[in-house]
Amino acid sequence: MTSFVKRILSAVCAVMALAGTAMIVHSCGIYSFSGTSIQPDVYTVTINYFEYKALRVNPSLSNELTEALKDQFRRLTRLEEVDQEGDLEISGEITGYDVKAMAVTADEVAAQNRLTVNVKIYFTNRKYPEDDFEKSFSAYADYDSNNTLDAMESQLCEEIIDKLVEDIFNATVANW
C-alpha cells in the first residue's frame, strides 16, 4: 500500500471513531453539547412568572427575567415549554433590588455604586424529585456615581439578568 492510501484509511478510521463516540454520547441522552444534563425521559419545562417582592420597585424586571430564562431554555435545550405541570418546573421571586455605595472618595462621597438583584428559585423535577431545590441567587453590576440609577438602570438590569439566567440555568439543567 502506498502512503497516500494509508493516510486515507487512517483518516476514515478517525472519522468513524469520532462518529461512533458521538453516537454513544448522544444515545446516553444525559449529556448534550450545550452543556445540559437532562435525563432522556424529561420532555417538558414550565417556567412560571417571577413574582416581584423587593421593596424598591422596578416594574419590568419580573417580566424581563422570566422571558430571558424562557429564551435560554428554548435556545439550549430540547425541552418543550408548557404552561403547567412540566416535567421540570421553575418558579421564583425577586427578593431584593438594592443600590449601595461601593467606593467612597476622601470627601465621603460615593464614587461608584452597585445595583444588586436577589432572586429565590424553586426548582421541581417531577421525574426525579431528588433533584428538587430551593436556592437564592444574586447578581450585581457597578456604575459610576456621576450617572444616576435612572440613566443606567436598563443597561445594568440587562447585565444582571444575563448573569442570573446563566446561574439559574446551570443550577437547574447543567448540574454545575
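The values are calculated or read from the model by the stated rules, or taken from the named source; none is laboratory data. None of the values given here were measured: they were computed from a predicted structure. As a convention, Cβ positions derive from the backbone with ideal geometry for all residues, glycine included, and neighbour counts pool all protein chains shown.
What the table shows:
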item	result
Every pair of residues 6+ apart whose Cβ atoms lie under 9 Å, when the first sits in the stretch 66-80 and is assigned to a helix (DSSP H, G or I) while the second is surrounded by 15 or more Cβ atoms within 10 Å (Cβ to Cβ) and among the aromatic types (Phe, Trp, Tyr)	Thr66/Phe50; Leu69/Phe50; Leu69/Phe169; Gln72/Phe169; Phe73/Phe169; Leu76/Phe169
Residue in the stretch 118-131 that is in contact with a Lys or Arg (Cβ under 6 Å, 6 or more places away or on another chain), among the acidic types (Asp, Glu) and in the same structural domain as Val165 (by TED's automatic domain parsing) present	no
Any hit, the stretch 98-105, residues being at negative phi, among the basic types (Lys, Arg) and in a strand (DSSP E or B)	yes
Qualifying residue in the stretch 137-151 (condition: crowded, with 16+ Cβ neighbours inside 10 Å and closer than 16 Å to Ile38 by Cα)	no
Test result for Phe50, closer than 20 Å to Lys127 by Cα, among the aromatic types (Phe, Trp, Tyr), surrounded by 17 or more Cβ atoms within 10 Å (Cβ to Cβ) and modelled with pLDDT of 95 or more	no
Neighbours by Cβ (under 9 Å, 6+ apart or cross-chain): first from the stretch 81-97, touching a residue at least 40 places away in the same chain (Cβ under 8 Å) and outside any strand (DSSP E or B); second among the charged types (D, E, K, R) and surrounded by fewer than 20 Cβ atoms within 10 Å (Cβ to Cβ)	Glu85/Arg126; Gly86/Glu80; Gly86/Arg126; Asp87/Asp41; Asp87/Arg126; Asp87/Lys127
Among residues of the stretch 35-73, those that are under 25 Å from Pro129 (Cα atoms), of a type in the set (D, E, K, R) and touching a strand residue (DSSP E or B) at 6+ places or on another chain (Cβ under 6 Å), counted	2
Matching residues, the stretch 74-115, being closer than 21 Å to Phe133 by Cβ and touching a Gly at 6+ places or on another chain (Cβ under 9 Å)	Leu76, Leu79
Hey, Tyr140 in contact with a helix residue (DSSP H, G or I) (Cβ under 7 Å, 6 or more places away or on another chain), among the aromatic types (Phe, Trp, Tyr), assigned to a strand (DSSP E or B) and farther than 16 Å from Ala174 by Cα or not	yes
